[in-house]
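J.: Right, I'll just put the structure down here and ask away after.
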Amino acid sequence: MTARPYTLDQLRRLTLARQLPRVRGRGVDAVVETFRAVGPMQTQTARSTFLGLAARLPGVTHATISEAFEPHALVRGSTLRGTVHTATPEQHVWLDRTTRVGQRAHWTRVLELDGVPVEDVWTGIEAFATPSWRSVDELAEHLRGWLLEHGVQPTDRLGQPLGRYLAFGHGGLVRRPLSGGWEGQGKAAYRSVAAALDDVGHPDAARLAALRASSHEDAMDAVVLLHLRSHGPATRHDVAWWSGLGLREVDAALARLGERVTARGGPDDLTYWDVADGVPRPVRDVGTRLLAEFDALMCGYDPKGRGRFLTPEQHATLWNQKNGLVRPPLLHAGRIAGWWQAEGSGRRRRLVVTPFPDAPAPTEADLAPAVEAVAAAMAWEVTEVEVADPTRDVGARP
């Protein structure tokens, strides 16, 4: 008998079960286990790792999250769609392999390589970033010199932000802060992921090296499964948007995966894919959570397919398409119900929570556990929490 199509409510409840799982413990092992369950986090705002974990592992501390980065139990680098993601080292393998497919044409076009394989450029960058950690300026100087040595006239765009990004925005590199904490937006240094893991004697270094050498088909299959386990049920468009791959690559992987995935109808007469085994029991509500910018409840899906958690009008309120800024969402009553912001500087912060006008507002009691979780993860002293009037001008940026 053919299964009935999913409803938006069913999709939402299955996503909540995956993205807000129950994980035992609050140490480094629990941090890693959370990432294995929920998948990589989009973290071009560095604090998003800490806020994402505060929402998914309430009670985890700033010190513990920072500790997970030091031995590279978590790694951060520019991967999917050219954006920064934090992941486990194994997840990073698949993000790197995906980036080499999804960003290949972009790199070739911007650098005006004129027949020089972009793979050679990437190999050169990784080789330069293997002996030691490199700054952005060092990587940019290397890239310009490498191009000249290989008969490519560096484009003027190398001096612009996009060009500088290409010096370090390569999936084979990971980053660490040059000063300050892992939650800060300060200057960073970059290293090839293989060298970074070898430096700390990572126990899985050899296995991960073998995964990096796996076939193209195995890598594409792995990243599609990674998305479905973390975000499913999802459409082929969701997988393509999240990964930065074309639909042809996604469709080929789904075909190869065969009985390892399932297909079922859903909203807008689309087909929703999921893993065949290990699907969690859906949940209706997980309590109130203060989410990170670019949270997976939004960014795990194609922009046209985010109706499981918010309306198009609410999405437009959170995401400013002109400058790419996203307000940190408020999760309440099982839906994205508004946004929040932290006012102040240093460790003392005042939190302002703004519900959507057409969404239920959380009470002080609803917010208390979420505020406590954020304070622990960010090492903040929260001095006040205000629930703002939802009828004020929601179009204004914070």
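The rows are residues; the columns are (1) of a type in the set (Gly, Ala, Ser); (2) in contact with a Phe, Trp or Tyr (Cβ under 8 Å, 6 or more places away or on another chain); (3) closer than 21 Å to residue 92 by Cα.
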site: 131; (1), (2), (3): no, no, yes
site: 152; (1), (2), (3): no, no, no
site: 158; (1), (2), (3): no, no, no
site: 175; (1), (2), (3): no, yes, yes
site: 181; (1), (2), (3): yes, no, no
site: 189; (1), (2), (3): yes, yes, yes
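J.: For a quick check of your reading: which helices (runs of 4 or more DSSP H) sit entirely within the stretch 80-168 and have at least 1 residues that are within 25 Å of the chain's Cα centre (by Cα), of a type in the set (A, V, I, L, M, F, W, C) and at pLDDT 90 or above?
T.: 89-102, 104-111, 118-128, 136-149
Rundown of residues vs (1) without any contact (Cβ under 8 Å) to a residue 40 or more places away in the chain; (2) open to solvent by 10 Å² or more (accessible area, probe 1.4 Å); (3) more than 30 Å from residue 64 (Cα to Cα), yes/no style:
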| position | (1), (2), (3) |
| --- | --- |
| 100 | no, yes, yes |
| 135 | no, yes, no |
| 172 | no, no, no |
| 194 | no, yes, no |
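J.: Shifting gears a bit: From 274, 295, grab the single residue that is touching a Leu at 6+ places or on another chain (Cβ under 6 Å) and crowded, with 17+ Cβ neighbours inside 10 Å.
T.: Going through 274, 295 in turn, the sole match is 274.
J.: Regarding the stretch 71-85, can at least one residue be identified that is farther than 21 Å from residue 203 by Cβ and free of Cβ contacts under 8 Å to residues at least 24 places away in the same chain?
T.: Checked the stretch 71-85: no residue is farther than 21 Å from residue 203 by Cβ and free of Cβ contacts under 8 Å to residues at least 24 places away in the same chain.
J.: Working only within the stretch 1-28, note down all residues that are under 30 Å from residue 61 (Cα atoms), open to solvent by 30 Å² or more (accessible area, probe 1.4 Å), charged (D, E, K, R) and in a helix (DSSP H, G or I).
T.: Matches in the stretch 1-28: 13 only.
J.: Pairs only if they're at least six apart or on different chains, beta carbon under 7 angstrom, first in the stretch 22-44 and without any contact (Cβ under 8 Å) to a residue 40 or more places away in the chain, second open to solvent by 30 Å² or more (accessible area, probe 1.4 Å) and in a loop (DSSP other than H, G, I, E, B); list them, first residue then second.
T.: Note: pairs meeting the criteria are 26/59; 30/24.
J.: Can you name the number of the only condition in (1) within 23 Å of residue 328 (Cβ to Cβ); (2) part of a helix (DSSP H, G or I) that residue 33 fails?
T.: Only one criterion in (1) within 23 Å of residue 328 (Cβ to Cβ); (2) part of a helix (DSSP H, G or I) is unmet by residue 33, namely (1).
J.: Which one is nearest to residue 41 (Cα to Cα), of the residues in the stretch 277-292 that are open to solvent by less than 20 Å² (accessible area, probe 1.4 Å) and not β-branched (Val, Ile, Thr)?
T.: Here the residue is 292.
J.: To continue, here is another question. Restricting attention to the stretch 41-71, which residues are open to solvent by less than 10 Å² (accessible area, probe 1.4 Å) and part of a loop (DSSP other than H, G, I, E, B)?
T.: 43, 46, 57, 60, listed by residue number.
J.: Got a number for residues in the stretch 222-263 being open to solvent by less than 20 Å² (accessible area, probe 1.4 Å), free of Cβ contacts under 8 Å to residues at least 60 places away in the same chain and more than 20 Å from residue 15 (Cβ to Cβ)?
T.: The qualifying residues number 2.
J.: Go through (1) surrounded by fewer than 20 Cβ atoms within 10 Å (Cβ to Cβ); (2) in contact (Cβ under 8 Å) with a residue 12 or more places away in the chain and name the single condition residue 199 misses.
T.: Going through the list (1) surrounded by fewer than 20 Cβ atoms within 10 Å (Cβ to Cβ); (2) in contact (Cβ under 8 Å) with a residue 12 or more places away in the chain, residue 199 breaks only (2).
The values are calculated or read from the model by the stated rules, or taken from the named source; none is laboratory data. The structure presented is a predicted model; accordingly, all values stated were derived computationally and were not measured. Here the Cβ is made from the backbone with ideal geometry for all residues, glycine too, and neighbour counts use every protein chain on show. With ligands, DNA and RNA removed, areas are computed over all heavy atoms of the protein, side chains included. Shrake-Rupley method; radii C 1.70, N 1.55, O 1.52, S 1.80 Å.
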